[in-house]
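The values are calculated or read from the model by the stated rules, or taken from the named source; none is laboratory data. For clarity, every value in this text was computed on a predicted model and none was experimentally measured. Cβ atoms come from the backbone with ideal geometry, glycine included; neighbour counts cover every protein chain shown.
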Amino acid sequence: MKCNEVWGGVCIARVEPPHWSHVSAWTHNTHPTVHMRRALAGYLGISPEMLEYLAKDLEVEVRLEVAKNYACPTAVQEQLARDGHNGVRRMVAWNHNCPPAAMEHLAIDSDLFVRRELASNPVCSPDVLERLAGDLDQYVRQMVALRTSNPALLERLILDRRVIVRQAAADNPNLPQAAFAMWQLAHDHT
């Protein structure tokens, strides 16, 4: 097979295992620069097998690139959603191809920035948004109020103890008119 995509003297096109086995000999933490592994991990045309391999790299920067890659396989994203580095988990939460199982896990992540990133992900599932609506962090709840299309959830968030959450719910066009009218009445100070 002829490789038509060479970078740094290495074929980075979608190839099947044994063709890239010589690459795997240096990719896992032994290449002189992490920059090569990062570049490979961020390349959209890289094979799923190579992404799976690079997801185990000891360098956080490489795993960050794998987590951000839209071509990252579901199983790899689910693995990275449990990574020990919060930045890697945050990138999984940011990725628009984040699988539902990873979203469920990230919704209860101990790092609030992971949960904030997940709440702002445009493909976050309604079930995960509902779970995040009860988050202790007001900015997570604010993002949920801005993004949900669930009227019952918006009726709950319009009564939140924090102004920014109530305002976000009021700004959401999916808020039922009756709940919006009640909110306006409660905030009419003229």
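Taking the conditions exactly as written (β-branched (Val, Ile, Thr) and either modelled with pLDDT of 90 or more or on the phi > 0 side of the Ramachandran plot (or both)), does Thr30 satisfy them or not?
no
Taking only region 67-82 into account, find how many residues are in a helix (DSSP H, G or I) and either in contact with a Gly (Cβ under 8 Å, 6 or more places away or on another chain) or under 10 Å from Ala101 (Cα atoms) (or both).
Number of matching residues: 5.
Which residue, of Glu130, Glu117, is crowded, with 23+ Cβ neighbours inside 10 Å and closer than 21 Å to Arg162 by Cα?
Glu117
Only one of Ser110, Ser125 is without any contact (Cβ under 8 Å) to a residue 24 or more places away in the chain, within 26 Å of Ala81 (Cβ to Cβ) and polar (S, T, N, Q); which?
Exactly one residue qualifies, and that residue is Ser110.
For residues that are surrounded by fewer than 20 Cβ atoms within 10 Å (Cβ to Cβ), part of a loop (DSSP other than H, G, I, E, B) and among the hydrophobic types (A, V, I, L, M, F, W, C), tally how many sit in region 32-56.
1
With region 140-190 as the region, which helices (runs of 4 or more DSSP H) entirely inside it contain at least 2 residues that are more than 22 Å from Leu118 (Cα to Cα) and at pLDDT below 90?
In region 140-190, the matching helices (runs of 4 or more DSSP H) lie at 177-186.
Scan region 74-110 residue by residue and report those that are more than 15 Å from Met143 (Cβ to Cβ) and among the charged types (D, E, K, R).
Hits for region 74-110 are Glu78, Arg82, Asp83, Arg89, Glu104.
Which one of His96, His105 is free of Cβ contacts under 8 Å to residues at least 40 places away in the same chain and in a loop (DSSP other than H, G, I, E, B)?
One residue alone meets the criteria, His96.
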